[in-house]
Amino acid sequence: MSAVLVIEDDDRIRLSLVLALEDEGYEATGAPTAEEGIAAQRRRPADTVLVDLMLPGIDGFECIRQLRRADDVPIVVISARDDTHDIVAALEAGADDYLVKPVAVKELTARLRALRRRARATSADEVPVLRFGDLEISPEAGEVRLRGAAVAVTRTEFQLLCELAEHPGRVLSRQQLLQRVWGYDGGDERLVDVHVGRLRQKIEDGEGLPRHLVTVRGLGYKLQR
C-alpha cells in the first residue's frame, strides 16, 4: 500500500481527496497547513506528497522547498492557480508534477501510479558509469558527479539525465521524455523544460551555451560528450 500525504487547507477538498485515495487503495492522510504537513512527513514519511499552493502561513512554494531539502519524495502540486508563472515557479521549487483543480480522481491516481513506477524503476544490471567529459553518471549507484564532485539531484532529475545519457548524442523530443521519464502519454511539456533548466544549473558552468545538455530547436534535447 502506497502512502500519500495531502497538504490542503480547504477541509472539504482535503477530506474528499483523502477518501477518494483510500477508495483507490492508498493509505492517505491530510494536513491543513504546510507546517503540519512538513512535521507529519518528518514523523512518518509518505511515498508521495500532494501540496496546494495557497496555504495559510508558509505557502505552497516554500512548503515544496522545505520538503525537497529533506528528501527526494515525489511532490505533486494540486492548485486552482493555472498561470504559467505559478506552474513554472512550483516546478522550479522542486515539484515533480502539477495538476489544476478540480482534479479528476482517475487522472490523479494515474499520475501517482506513474510516480510509483518511476520510483521502483532501476537501470539494467551492470550498467557502467556513463561519462560525458567532466560529467559522470552512475545509474546503479544513483550518483552524478561533475569534475569528481557529487551533484545533488532529485529523483526526477536523475531519471531524466539517465534517459538522455543512455542515448548519447540522440535528440529526444519533449513528448518522448514525458513518456519515458514521467510515464505520461501526452502532457504538459513545461514539466520537461523546467527540469532541464534545473539540471543545467547543476551540471553546466553557467557561462555561454550549455556543453552537455543541449537544446535542438524544434526537436528536443540531447546529452552530448
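The values are calculated or read from the model by the stated rules, or taken from the named source; none is laboratory data. Just so it is clear, the structure is predicted and the values come from calculations on it, not from any experiment. As a convention, Cβ positions derive from the backbone with ideal geometry for all residues, glycine included, and neighbour counts pool all protein chains shown. Ligands, DNA and RNA are stripped out before the accessible areas are found, and what is left, the full protein with its side chains, is counted by its heavy atoms. Shrake-Rupley method; radii C 1.70, N 1.55, O 1.52, S 1.80 Å.
For the reader, a short list of remarks on this structure follows.
- Paired Rg and Dmax values of region 54-101, which use every Cα atom, in angstrom: 10.0, 28
- Solvent exposure of region 70-225, expressed per residue, is 49 Å² of accessible area, with all protein chains present and a 1.4 angstrom probe.
- Our summary gives region 152-225 a relative contact order of 38 percent, counting only alpha carbon pairs under 8 angstrom and 6 or more residues apart.
- Once the Cα-Cα distance is subtracted from the 0.36 nm per residue extended length, the Val216 to Lys106 segment shows a gain of 36.1 nm.
- Close amide H contacts of Val77 (hydrogens built in the peptide plane, cut-off under 5 Å, sequence separation of 5 or more or a different chain): Val51, Asp96, Asp97, Tyr98, Leu99.
- Note on region 145-225: Kirkwood hydrodynamic radius from all Cα pairs is 12.9 Å, rounded to one decimal.
- Amide H contacts of Glu27 (H built 1.01 Å from N, under 5 Å, at least 5 apart or other chain): Ser2, Ala3, Val4
- Calculated SAXS-style log₁₀ I(q)/I(0) at q = 0.09, 0.12, 0.16 Å⁻¹ - the chain, Debye, Cα scatterers: -0.37, -0.66, -1.11
- Calculated mean residue ellipticity at 222 nm for the chain: -12000 deg cm²/dmol, from DSSP H runs with n ≥ 4 weighted as -39500 (n - 2.57), summed, divided by the residue count and rounded to 500.
- The phi-based Karplus calculation (6.51 cos²θ - 1.76 cosθ + 1.60; θ = phi - 60°) puts the 3J(HN,Hα) values of region 140-155 at 5, 7, x, 10, 10, 10, 10, 6, x, 9, 5, 10, 7, 10, 7, 4 Hz, whole numbers, x for Gly and Pro.
- P(r) of region 170-213 over all Cα-Cα pairs, binned every 5 Å from zero, in whole percent: 5, 22, 26, 21, 16, 8, 2, 0
- The magnitude of the dipole of the chain, with charges of +1 and -1 set on the Cβ of Lys/Arg and Asp/Glu and taken from the Cα centre, is near 720 debye.
- For the chain, built as a Gaussian network whose Cα springs stay under 10 Å, the top-fluctuating residue of Ser16, Ser173, Ser79: Ser16
- Working from label points 7 Å from Cα in the Cα-to-Cβ sense, the Ala80 to Asp205 distance is 4.9 nm.
- Arg69-Arg12 pseudo-label distance in nm [points 7 Å out on the Cα-to-Cβ vector]: 3.5 nm
- Length available on full extension from Arg225 to Ala39: 0.36 nm per residue minus the Cα-Cα distance, which gives 62.7 nm.
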